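Below: the structure, in structure tokens.
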Amino acid sequence: KDMQSKNLGTAMRKSEIGAWKVATLSHLAQVRSGLRSTEKEAQRSAKAIKAAMSVVLRPAYVAAGGYTGAYMVNNLGREAVTASSERQREYFRQKMANIPENEREQMFQRSSELSQQYPSVNITDIMEMARSARNTMGSTEQGMKILDGMVRAMVTLQSSKGVDAATDQLMRMLRGIDNLGKNSNGDIGVKNVLDIIDGVTKAAQIEGADLDPGKMFEFARRAKIAGPGLSTDFLMTTAPAFMQDMSAEGFGSALSSAYQAFVIGANSNSSKVNINEQRRLGLRKGEGNGDLVGSDLFGTNPYQWVKEYLMPALTKDGVDLNNETAVSKAVAKTTKNTNASGMLTRMITQSDQVERLISLYSHSMGTDAADEARFQDPFVAYKGFLESFKNLAAAGGESAMPGIVP
């Protein structure tokens, strides 16, 4: 059409068309040559990859269910949809929580960095942890200060508690710390949270299946009025020993009852005899019901109070502390609540065992084990392999997901 518009003669038009054909076919020949060269290179690369998969990775993807190449592609395709859906849901949850976009981006970037450092925890799970940390600490800035410790604890718990149990247990432990109010007061709260997480993680490394760190939440709920005053040191060193012995719920209930019986002082007529017994032992002074001696210590560390006040008082009264029956009878006179008297009796008669456990906890690795777990625990290492696939799948699918959902 261009040549016709220029009113070229027939001979000239044929010459121009011929030149155009030669140039075009020459160019297409170059493209074809390039395609063939690319195809050969691609085939060579594919063979190399296939060889590597057969020698190195085939046992891993077979274990993941990839018995054939087509089946593996199908599995990874499904994984991409699932992973990207979870990622998209977490984005929306953060949006529903009214987290500003710049803070959401900050949470994603840090989650990506931590997942690269600790591959057994995928990016989306860390983003969820970041959201929970923000809610617990009151701001994204404060939440980011405990996120590293949370991830390290999760990796450690994956080794000591099982790769699938760690996430839920860690999140419930954080809720328990929040319920106890140890996350307040700025940087002091940050230190409290990190110390408790590390302390309970250490205890879990010693106790194994006998201690569920997530039960810290149930303990906090049952402790009621006695919970908020407990010291960080007590929660990270002593509480786990009694949680595994009495159950978290049982220990929390017993602690609440003991607090009411001793610190507050039960006001019912049936409790007067118990108050009088406490006074007779020298544990309570002042007019009326009087005040418990060392009540502040009881509020922060009841086990230490038992060692400093109750045990000496019973010894002075002639009770043989090595005789469990005698101790049980003597303690029962100080409170009508059987949960409280049972806990106090354990604190006295099992003090050697408690001290041994506290010592074992203090010498375990805690969250520091996270840096070694991926290299020494085969289950954590394999979890890292699978979670890396999940990160890849989520990254590949998340760009399409906003269009798929509507």
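The values are calculated or read from the model by the stated rules, or taken from the named source; none is laboratory data. Bear in mind that the values here come from a model prediction, so they are computed numbers and not experimental data. Note that we place each Cβ from the backbone using ideal geometry, even for glycine, and neighbour counts take in every protein chain shown. We work out accessible area using only protein heavy atoms, side chains counted, and drop any ligands, DNA or RNA first. Shrake-Rupley method; radii C 1.70, N 1.55, O 1.52, S 1.80 Å.
Within segment 180-196, how many residues turn out to be open to solvent by 30 Å² or more (accessible area, probe 1.4 Å) and not polar (S, T, N, Q)?
Number of matching residues: 7.
Among the residues of segment 275-332, count how many are open to solvent by less than 10 Å² (accessible area, probe 1.4 Å) and either assigned to a loop (DSSP other than H, G, I, E, B) or free of Cβ contacts under 8 Å to residues at least 12 places away in the same chain (or both).
The qualifying residues number 2.
Any residue at all in segment 165-182 that is under 23 Å from L386 (Cβ atoms), assigned to a loop (DSSP other than H, G, I, E, B) and either hydrophobic (A, V, I, L, M, F, W, C) or under 11 Å from the mean Cα position of the chain (by Cα) (or both)?
yes
Considering segment 141-158 alone, what residues qualify as being farther than 14 Å from L194 by Cα and surrounded by fewer than 22 Cβ atoms within 10 Å (Cβ to Cβ)?
If the condition is that a residue be farther than 14 Å from L194 by Cα and surrounded by fewer than 22 Cβ atoms within 10 Å (Cβ to Cβ), then E141 is the only one that fits.
With the structure loaded, tell me whether A239 is open to solvent by less than 40 Å² (accessible area, probe 1.4 Å), part of a helix (DSSP H, G or I), in contact with a helix residue (DSSP H, G or I) (Cβ under 6 Å, 6 or more places away or on another chain) and on the phi < 0 side of the Ramachandran plot or whether it fails that test.
No; evaluated as a whole, the condition is false for this residue.
For V263, work out the one condition from (1) modelled with pLDDT under 95; (2) outside any helix (DSSP H, G or I); (3) under 39 Å from the mean Cα position of the chain (by Cα) it doesn't fulfil.
(2)
I need the full set of residues from segment 209-232 which are open to solvent by 20 Å² or more (accessible area, probe 1.4 Å) and under 21 Å from V163 (Cβ atoms), in order please.
Across segment 209-232, the qualifying residues are A209, D210, D212, K215.
Quick check, is F375 among the aromatic types (F, W, Y) and surrounded by 14 or more Cβ atoms within 10 Å (Cβ to Cβ)?
So F375 fails the test.
Condition test on A326, is it at pLDDT 95 or above and touching a Leu at 6+ places or on another chain (Cβ under 8 Å)?
The answer is no for A326.
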